[in-house]
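The values are calculated or read from the model by the stated rules, or taken from the named source; none is laboratory data. Quantities reported herein were computed from a predicted structural model and do not represent experimental measurements. Backbone-built Cβ (ideal geometry, glycine too); neighbour counts: all protein chains shown. Please note that ligands, DNA and RNA were not included when accessible areas were found on the heavy atoms of the full protein model with its side chains. Shrake-Rupley method; radii C 1.70, N 1.55, O 1.52, S 1.80 Å.
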Amino acid sequence: MLLIDCPWCGSRAETEFSYGGEAGIVRPADPDALSDAEWADYLFNRTNPRGAHRELWNHAQGCRRWFGVERDTVTYRIARSFTLPDAAGAADGGVERDFETGDPTDAEPGDRR
Amino acid sequence: MKRYSALSLVRNALDYNRSWQTAWRSPEPKKSYDAIIVGGGGHGLATAYYLARDHGIRNVAVLEKGWIGGGNTGRNTTIVRSNYLWTEAALLYEKSMQLWEGLSQELNFNVMFSQRGVYNLGHSLQDMRDIERRVNANRLNGIDAEVVSTADLKRAIPSLNTSPDARYPILGASLQRRAGVARHDAVAWGFARAADALGVDIIEQCEVTGIDVRGGKAVGVETTRGPIASDRIGVVVAGHASALARMADLRLPIESHPLQAFVSEPIRPVLDTVVMSGAVHGYISQSDKGELVIGAGIDAYNGYGQRGSFPVIEHTLQAIIELFPAFSRVRMLRLWGGIVDVCPDACPIVSKTPVDGLYFNCGWGTGGFKSTPGSGWVFARTMAHDEPHELNAPFSLERFTTGALIDEHGAAAVAH
Ligand SMILES: Cc1cc2nc3c(=O)[nH]c(=O)nc-3n(C[C@H](O)[C@H](O)[C@H](O)COP(=O)(O)OP(=O)(O)OC[C@H]3O[C@@H](n4cnc5c(N)ncnc54)[C@H](O)[C@@H]3O)c2cc1C
Ligand SMILES: [Zn+2]
């Protein structure tokens, strides 16, 4: 059973959450400007790494908010949770905070890969 | 290769079984091959066999990082059926079914293919409408399928809870009588032995760590046992497909997830068919040793650990107890996980790639054991002619760009 840290509710059992896949996939601002291959890459292709993975989780049976988790896909060890930038990538939502310390991390907002 | 027969059993018994031939050689890798298959699961071994048998390409190496059949081939619940909804999928899986029907004779190896029937249960009116639609679609494609009633189910499977008072009452099912199960290890060993007899080198403990691409053409692979050259490389590594694609700078529409299965302690014969339920989500059969073989869904998250999570175990057994309350007293013996390669449309990719001479066969996800012979057959043809057979042409990598997906998610009852 994974114990997942919701940035708002704390550490809870995996069964309270639903999984949202790879984090940091940004919807292209102007889809019409893309080639079919670029659009397909956005829609379907995934990094699917062996090792560190930044992924989305939703606290479906809690506060129902989305956030990010960095987890190793081989050991399943969770390194940390982080909040997501808001649409503008600004304000408080834009600051990544280490879940345990609450300190802003050095990751750039929006730089999710 | 010495053929197996009843007579050979007697002859070897007289000799206290001291002179059985090894089933396949363990050669040192050569410097180059006419074709390389990466991945010694059932699909890779079948590909090598059909390359040698049908296309005269016998200077072939199968490179396996562990031992053959140690991946999903040796970890699955062995359900074989061809009752898929969409024509493209139905025809591909049916090709495989036809190959299964003669496979033991063909390989001179008993793969214990047992056509004991597969029932896909319906628990709601919508389930039953979907079942009727799928059964009719199957029949139009020449695939045996029928709709059975709750009364039929009660007669055929006495231990199944067909009571109308069940929490999720069973309203009927689809039945494919030609479907069933096979012995997974024997499939890997049978294809390996038959391919080896045709000259294929099966090289275990040989991990591919790089793919050499020059001027848009594949020219060889780097391995833990040195570089090996070939201008025709087929990658068939199931859950590890994304990692191999990255070696050639390709990206795939695939995510790897753990899928687990378990077996119970062996008990007397109680279930002589296969029962699957997409709604309560579990499926079950009984092995010849008497173990109940049980499985269900994947873990939702990406994972490469060959183990699954506890909530899935609980969920799966809840489903099985819902269907077969009497099994609540049976103890579980073993559980394990495999890494399945899931595609967005729940259909495989058996395809050329943007790199010349590099071919990928992956994305079979939770349900590729049934297609082991058919997958090898079409992939061998694709690698030999540098173009797909009409059966696998729809399963190209380009379908994600053109949008011609083949949506078998949910359409074909439950996966596997
Ligand atoms: C628990 C479970 C239950 C399932 N139940 C069913 C079922 O009932 N019916 C059904 O039809 N399907 C089922 N499946 C799916 C089925 O098992 C797979 O789709 C199928 O076996 C895939 O075969 P394969 O030969 O492509 O892959 P595998 O058998 O996984 O073979 C791939 C091989 O590639 C090797 N490899 C990986 N990386 C490298 C590398 N870098 N170099 C060299 N070798 C490498 C691996 O070691 C492995 O042996 C199930 C799967 C699981 C996990
Ligand atoms: Zn929460």
Here is a check on your reading of the model: is A:Arg65 open to solvent by 40 Å² or more (accessible area, probe 1.4 Å) and either more than 23 Å from B:Ile313 (Cα to Cα) or within 14 Å of the chain's Cα centre (by Cα) (or both)? yes
Across the stretch A:39-90, which residue is farthest from the other protein chains (Cβ to nearest Cβ) among those that are among the polar types (S, T, N, Q) and in contact with a Phe, Trp or Tyr (Cβ under 6 Å, 6 or more places away or on another chain)? A:Thr83
When B:Asn302 is evaluated against the numbered criteria (1) more than 30 Å from A:Tyr42 (Cβ to Cβ); (2) within 11 Å of chain A (Cβ to nearest Cβ), which criterion, by number, is the only one it fails? (1)
The stretch B:122-212: helices (runs of 4 or more DSSP H) wholly inside it with 2 or more residues that are touching a residue at least 24 places away in the same chain (Cβ under 8 Å) and among the basic types (Lys, Arg) are B:125-140
Within the stretch B:38-52, can one find any residue that is more than 16 Å from ligand 1 (Cβ to nearest atom), in contact (Cβ under 8 Å) with a residue 60 or more places away in the chain and open to solvent by 20 Å² or more (accessible area, probe 1.4 Å)? no
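Could you look through the stretch B:272-299, keep only residues that are in a loop (DSSP other than H, G, I, E, B) and open to solvent by less than 10 Å² (accessible area, probe 1.4 Å), and pick out the one that is nearest to B:Ser351 (Cα to Cα)? Break it down stepwise before answering.
The initial filter retains those residues of the stretch B:272-299 that are in a loop (DSSP other than H, G, I, E, B), namely B:272-273, B:278-281, B:287-291, B:299.
Next cut, open to solvent by less than 10 Å² (accessible area, probe 1.4 Å) only: B:273, B:290, B:299.
Values: B:Thr273: 34, B:Gly290: 39, B:Asp299: 27 Å.
By that ranking, first place goes to B:Asp299.
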Mind listing just one residue for me: the one in the stretch B:271-304 that is touching a Pro at 6+ places or on another chain (Cβ under 7 Å) and closer than 20 Å to A:Phe17 by Cα and, of those, nearest to ligand 1 (Cβ to nearest atom)? B:Ile298
Within the stretch B:29-36, is there a residue that is modelled with pLDDT of 95 or more, in a helix (DSSP H, G or I), more than 10 Å from ligand 1 (Cβ to nearest atom) and open to solvent by 10 Å² or more (accessible area, probe 1.4 Å)? no
For B:His240, are the conditions met, namely being open to solvent by 10 Å² or more (accessible area, probe 1.4 Å) and in a strand (DSSP E or B)? no
Residue count for the stretch A:15-28, restricted to those that are at the interface with another protein chain (Cβ under 9 Å from one of its Cβ atoms) and away from ligand 2 (no atom under 13 Å from the Cβ): 4
Given the condition more than 21 Å from B:Leu99 (Cα to Cα), within 13 Å of chain A (Cβ to nearest Cβ), in contact with a Ser or Thr (Cβ under 9 Å, 6 or more places away or on another chain) and of a type in the set (Ser, Thr, Tyr), answer yes or no: does some residue in the stretch B:358-379 qualify? no
Filter result (surrounded by fewer than 18 Cβ atoms within 10 Å (Cβ to Cβ), among the charged types (D, E, K, R) and within 30 Å of B:Asp34 (Cα to Cα)) within the stretch B:386-409: B:Asp386, B:Glu387, B:Glu390, B:Glu398
Among the candidates B:Arg193, B:Arg167, single out the residue that is at pLDDT below 95 and not polar (S, T, N, Q). B:Arg167
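Residue-wise test of (1) modelled with pLDDT under 95; (2) within 16 Å of ligand 2 (Cβ to nearest atom); (3) under 24 Å from B:Pro311 (Cβ atoms); (4) among the aromatic types (Phe, Trp, Tyr).
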residue: A:Arg12; (1), (2), (3), (4): no, yes, yes, no
residue: A:Asp30; (1), (2), (3), (4): no, no, no, no
residue: A:Glu38; (1), (2), (3), (4): no, no, no, no
residue: A:Arg50; (1), (2), (3), (4): no, no, yes, no
residue: A:Phe67; (1), (2), (3), (4): no, yes, yes, yes
residue: A:Leu84; (1), (2), (3), (4): yes, yes, no, no
residue: A:Ala87; (1), (2), (3), (4): yes, no, no, no
Open to solvent by 40 Å² or more (accessible area, probe 1.4 Å) and closer than 22 Å to B:Val340 by Cα: which single residue out of B:Lys95, B:Lys65 fits that description? B:Lys65
Checked the stretch B:214-237 for anything more than 15 Å from B:Ser32 (Cα to Cα) and surrounded by 15 or more Cβ atoms within 10 Å (Cβ to Cβ); matches are B:Val235, B:Val236, B:Val237
Exactly one of B:Val237, B:Val275 is touching a helix residue (DSSP H, G or I) at 6+ places or on another chain (Cβ under 7 Å) and within 13 Å of chain A (Cβ to nearest Cβ), and that residue is B:Val237
In the stretch A:25-62, what residues are open to solvent by 90 Å² or more (accessible area, probe 1.4 Å) and in contact with a strand residue (DSSP E or B) (Cβ under 6 Å, 6 or more places away or on another chain)? none
